[in-house]
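Trainee: First, the structure itself, so that you have it in front of you.
The values are calculated or read from the model by the stated rules, or taken from the named source; none is laboratory data. Here the structure is a predicted model, which is why all the values come from computation and not from measurement. Here the Cβ positions follow ideal geometry from the backbone for every residue, glycine too, while neighbour counts run over all protein chains shown.
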């Protein structure tokens, strides 16, 4: 028989003003198993906690019921008190007399008192069935995987590596740098994007704690917090990077030229290439889809000219496995595919209707035009440039509902750049609302207006080619008038969407995405860098559209979270996890189907029954590191073999019985 | 192939050429057009701007008649096509309306008839099959395919992409005529404004003519009686008002198709245009 | 109003007892917030804390009805907002089925309520309780399974 102690708290007048606490304590004393009961003004106070500790010792209590406030508030406090008294902290049960009784029934004292008695009886009934629980311990692999080598991944990798931990950075492109390195200048300070991001790229390459895998993809993730197994595919580069010196002979000799993705198709590159001169690593890969040698088996020019004999057409993909303790997802963003839906802007038929990111390449000194703003169609300098905002963003009919956050500011920056670089240029910006939320942003927007950019509030209904001009027709909704502008170039502020393949990454690592495909954070306000899966963190625009400062902040946040996790030697896991009674388990694995954490595995056990030969059978087993204790599996189990520690079937039924008495 | 044919009122009057050409080309292609017996006004213009119920009940009657024939229908006029499709959609979304309509018609409305534009029906035969019928290629002729507003809008009702329709271009290209890329293929012709806001209507017509000729077109091809009459019948008045000198013939697409198939120009109604097509057709290499 | 008053008068000796299973993350927190906000609702409800609404085995509901509860409320996070990602989807399916079964054996559907109450929806929680108490007062005591107890 358990020896239960009941402590009824007055919480000053919060409980004591409505309920008769001494009477409650007296009644509680009559419940089965209760050997001691008392009331006290503030049980959570120091003397109150001491009262519990002393009573445990004095009366030999082995279960404690505190009837006070919500367990969501003070469960941990009282567990500590039990621990101090040398009792297993999970021998505590609370009755919520304040939030669920006295505060909500102040005018019905009699009914409240009856209810309070029921609530204490329920707690006592559960307490009688409590079991000692101890948190599990799992070792932590002190290595972190970062998926994605944009500015978010770079920042997170550097922060974690600087703390002395090992980092693997996996990037699917041939270079790290992501989208940021494509940008010309950053708003609102107009500092050169490449100048601030390339040193970070170099720092990654040179950091002794970071292993960089470019042109590689994560293929499979299994395991759990502190103990992930990751399979990585290193795509064939057809260039032996241990021999290659990056001299550049090969790409000048390559006879093939294809549109250059890095320049948004505005320039061309060879089939053997580095994406841009400051690429990290600064060694080429062969684009197998366009290489003549690899397609037709005829060419071999690069191999002939390579002084280091680094070309290897026979190279194959390599797949390898690593173990890591934490994962940072930083897969970044892509651009909304406007060509597919915006017929009014020409479905991409007009060469001089370009995206904001293409404009970045046009205006970039390292871009295809050497920084001269030129029309893609005829190379002429545009005199009239129209910017259209919210292309794909804030458009429920054709695009996404959300605001992409960065477009207002990059458009303002583009407007500034046109006015600065082209004397006498005319700039028009069609907008819905201008959103300048960041530090110095509103000031920058004002400055661009003062420089002569004309902001027109309204949508553009049609863009069409008329000779060499693009006629832009729209509405000025402030003046209530139609507007028609003969432009030389139209720049679309295309919205931000998750990068291609982000959904596959989410599925692979078992993290959910929101309705737009962005990774779902654990809490929008208070846990913005964590996911619902322990040990997996988010950084940057993969979680939602973000500008660079926000991306870097979140990446450092994720880095900090990783350090806090990996600097421990062992992890404590919550003891309130599911357990399988293997004797009852039939191996149907209905529990595995409902588990959102993939915490249940099928294992084969050898069963030895007296008088029978040993036989093998399949049963379900819970991986405690993965189980979060929701208990969904317990209900799915037809045999009643799965139970949840801390909320067992027996305990819950006893609670129901106690309440219905 | 047999299909119900809903000519609509324009094709009995101002757009007789369209009707002639449509029937002739259809016959030539082995498409049997079966007139809907006792068809009535589609409910466009007058009815749908005054009485929302009439705007649905009128087309519904035609659909009921077609369903009693057991045929889907094809509609040459863009305004009729639009009204029939809109009515069908409204009836599909509003059961009460369906009951009311059945009540005034005295027969049930089932909504099973599929409505095609004539453009869809002809292109549906297959571009290769059509190309095989071309005996007088219109090589050298550059045309602007003009879809107007009602044939392709709104999305889900129109028979092609509302922003950049291309089905007529592909169809006309089977005649070896060249189609131009231009900006006004789905703009409003101003037809509905002629009596209320003459100048605005003519300005719209002028812009279309200017954009088409600017893109190098010798002629405009359309699929709507109102577009045709506004651009053809009013072209002289447009020229007078704006001091322009357009002489752009405005064809219905079956006329050009029929011509290329070697059918008689007179039978195709090519002699009754206000802007004489002869000059434009002279460019066709012999 | 007069009908309700009559019921209250007639039921002077009998007050319905409702057992509520609330998920720890949303609905239990919502009930806590109702307290913190000093919202008032009838004292007929007795709350059992569960980690997730998907932990609620139909067996628990049956047991409550068997032991004399007049109604059972199960509340969890809104679909899509489950702390455990998908738990409440299972709750929704299981309890929809189970409710049909209860109706089949003769329970009034009002005796089992499944509601989504977020941690911020104190008002919704209080309203749900009020509504349920009123409905069950109209139904009268639950005697369906009492014979089987004896």
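Trainee: Consider region C:29-46. How many of its residues are at pLDDT 95 or above and either assigned to a strand (DSSP E or B) or more than 7 Å from chain A (Cβ to nearest Cβ) (or both)?
Mentor: 4
Trainee: Hey, among A:143, A:98, which residue is within 14 Å of chain C (Cβ to nearest Cβ) and either touching a residue at least 24 places away in the same chain (Cβ under 8 Å) or within 29 Å of residue A:221 (Cβ to Cβ) (or both)?
Mentor: Step by step, each of A:143, A:98 is checked, and only A:98 is within 14 Å of chain C (Cβ to nearest Cβ) and either touching a residue at least 24 places away in the same chain (Cβ under 8 Å) or within 29 Å of residue A:221 (Cβ to Cβ) (or both).
Trainee: Here's a check for you: in region A:409-433, which residue that is free of Cβ contacts under 8 Å to residues at least 40 places away in the same chain and surrounded by fewer than 18 Cβ atoms within 10 Å (Cβ to Cβ) is nearest to the chain's Cα centre (by Cα)?
Mentor: Filtering first and then ranking leaves A:433.
Trainee: Also, I was wondering about something else. Residues in region B:41-54: is at least one within 24 Å of residue B:23 (Cβ to Cβ) and either in a helix (DSSP H, G or I) or touching a strand residue (DSSP E or B) at 6+ places or on another chain (Cβ under 9 Å) (or both)?
Mentor: yes
Trainee: For residues that are at pLDDT 95 or above and part of a loop (DSSP other than H, G, I, E, B), scanning just region A:264-274, find the one that is nearest to residue A:179 (Cα to Cα).
Mentor: A:274
Trainee: Another one. Would you check which residues across region A:515-549 are outside any loop (DSSP other than H, G, I, E, B) and surrounded by fewer than 20 Cβ atoms within 10 Å (Cβ to Cβ) and list them?
Mentor: If the condition is that a residue be outside any loop (DSSP other than H, G, I, E, B) and surrounded by fewer than 20 Cβ atoms within 10 Å (Cβ to Cβ), then A:523, A:527, A:530, A:549 are the ones that fit.
Trainee: Here's something else I'd like to know. What number of residues in region C:47-74 are at the interface with chain A (Cβ under 8 Å from one of its Cβ atoms) and over 17 Å from residue C:124 (Cα atoms)?
Mentor: Number of matching residues: 17.
Trainee: A follow-up question, please. Residue check, residue A:443 against (1) in contact (Cβ under 8 Å) with a residue 40 or more places away in the chain; (2) surrounded by 16 or more Cβ atoms within 10 Å (Cβ to Cβ); (3) more than 27 Å from residue A:348 (Cβ to Cβ), all met but one. Which one?
Mentor: Condition (2) is where residue A:443 drops out.
Trainee: While we're on this one: Based on what the data block shows, is residue A:113 surrounded by fewer than 24 Cβ atoms within 10 Å (Cβ to Cβ), closer than 19 Å to residue A:661 by Cα, touching a residue at least 12 places away in the same chain (Cβ under 8 Å) and within 14 Å of chain C (Cβ to nearest Cβ)?
Mentor: Judged against the criteria, residue A:113 is a match.
Trainee: Quick check on my filter: what residues within region B:187-216 are assigned to a loop (DSSP other than H, G, I, E, B) and surrounded by 24 or more Cβ atoms within 10 Å (Cβ to Cβ)?
Mentor: Listed by number, the residues that qualify are B:189, B:190.
For every residue, the table says whether it meets (1) farther than 15 Å from residue B:4 by Cβ; (2) without any contact (Cβ under 8 Å) to a residue 60 or more places away in the chain.
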position	(1), (2)
B:48	yes, yes
B:57	yes, yes
B:65	no, yes
B:74	no, no
B:81	no, no
B:88	no, yes
B:104	yes, yes
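Trainee: In the list A:32, A:2, which residue meets the criterion of being in contact with a helix residue (DSSP H, G or I) (Cβ under 9 Å, 6 or more places away or on another chain), farther than 17 Å from residue A:102 by Cα, in contact (Cβ under 8 Å) with a residue 60 or more places away in the chain and surrounded by fewer than 16 Cβ atoms within 10 Å (Cβ to Cβ)?
Mentor: Matching residue, one of A:32, A:2: A:32.
Trainee: Turning to a different aspect of this structure: On the given criteria, is residue A:506 buried (at least 20 other Cβ atoms within 10 Å of the Cβ), modelled with pLDDT under 95 and closer than 28 Å to residue A:329 by Cβ?
Mentor: Taking the combined requirement at face value, the residue satisfies it.
Trainee: Looking at region A:17-29 only, could you name the residues that are touching a strand residue (DSSP E or B) at 6+ places or on another chain (Cβ under 8 Å), closer than 12 Å to residue A:68 by Cα and in contact (Cβ under 8 Å) with a residue 24 or more places away in the chain?
Mentor: Answer for region A:17-29, where residues must be touching a strand residue (DSSP E or B) at 6+ places or on another chain (Cβ under 8 Å), closer than 12 Å to residue A:68 by Cα and in contact (Cβ under 8 Å) with a residue 24 or more places away in the chain: just A:24.
Trainee: Return yes or no: is residue A:203 crowded, with 19+ Cβ neighbours inside 10 Å and either farther than 20 Å from residue A:360 by Cα or touching a helix residue (DSSP H, G or I) at 6+ places or on another chain (Cβ under 7 Å) (or both)?
Mentor: When the stated conditions are applied, residue A:203 does not pass them.
Trainee: Within region B:67-82, how many residues are in a helix (DSSP H, G or I), in contact with a strand residue (DSSP E or B) (Cβ under 8 Å, 6 or more places away or on another chain) and at pLDDT 95 or above?
Mentor: 2
Trainee: Let me ask you something else. Suppose the filter is away from chain B (no Cβ under 14 Å), over 27 Å from residue A:337 (Cβ atoms) and either touching a residue at least 12 places away in the same chain (Cβ under 8 Å) or in contact with a helix residue (DSSP H, G or I) (Cβ under 9 Å, 6 or more places away or on another chain) (or both); does residue A:454 pass it?
Mentor: yes
Trainee: Next up: Looking at this structure, is residue A:372 within 26 Å of residue A:180 (Cα to Cα), more than 14 Å from chain B (Cβ to nearest Cβ) and not in a strand (DSSP E or B)?
Mentor: Yes, satisfied.
Trainee: Condition first: within 14 Å of another protein chain (Cβ to nearest Cβ) and assigned to a strand (DSSP E or B). Now tell me which residues in region A:486-514 satisfy that.
Mentor: A:486, A:487, A:490, A:513
Trainee: With respect to residue A:661, determine if the residue is closer than 25 Å to residue A:128 by Cβ, surrounded by fewer than 20 Cβ atoms within 10 Å (Cβ to Cβ) and without any contact (Cβ under 8 Å) to a residue 12 or more places away in the chain.
Mentor: no
Rundown of residues vs (1) under 23 Å from residue B:75 (Cα atoms); (2) touching a helix residue (DSSP H, G or I) at 6+ places or on another chain (Cβ under 7 Å); (3) in contact (Cβ under 8 Å) with a residue 12 or more places away in the chain, yes/no style:
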| position | (1), (2), (3) |
| --- | --- |
| B:231 | yes, yes, yes |
| B:242 | no, yes, yes |
| B:251 | yes, no, yes |
| B:257 | yes, yes, yes |
| B:263 | yes, yes, yes |
| B:277 | no, no, yes |
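Trainee: If residue A:242 meets every condition in (1) more than 29 Å from residue A:530 (Cβ to Cβ); (2) in contact with a strand residue (DSSP E or B) (Cβ under 8 Å, 6 or more places away or on another chain); (3) outside any helix (DSSP H, G or I) apart from one, which number is that one?
Mentor: Among (1) more than 29 Å from residue A:530 (Cβ to Cβ); (2) in contact with a strand residue (DSSP E or B) (Cβ under 8 Å, 6 or more places away or on another chain); (3) outside any helix (DSSP H, G or I), the lone unmet condition for residue A:242 is (2).
Trainee: Go through (1) more than 10 Å from chain A (Cβ to nearest Cβ); (2) closer than 30 Å to residue A:110 by Cα; (3) at pLDDT below 95 and name the single condition residue C:131 misses.
Mentor: Evaluating residue C:131 over (1) more than 10 Å from chain A (Cβ to nearest Cβ); (2) closer than 30 Å to residue A:110 by Cα; (3) at pLDDT below 95 leaves (3) as the failure.
Trainee: Could you look through region A:268-288, keep only residues that are touching a helix residue (DSSP H, G or I) at 6+ places or on another chain (Cβ under 8 Å) and either closer than 27 Å to residue A:352 by Cβ or without any contact (Cβ under 8 Å) to a residue 12 or more places away in the chain (or both), and pick out the one that is surrounded by the most Cβ atoms within 10 Å (Cβ to Cβ)?
Mentor: A:273
Trainee: OK, next. Name the residue that is farthest from the other protein chains (Cβ to nearest Cβ), counting only residues in region A:468-485 that are in a loop (DSSP other than H, G, I, E, B) and in contact (Cβ under 8 Å) with a residue 12 or more places away in the chain.
Mentor: My answer is A:478.
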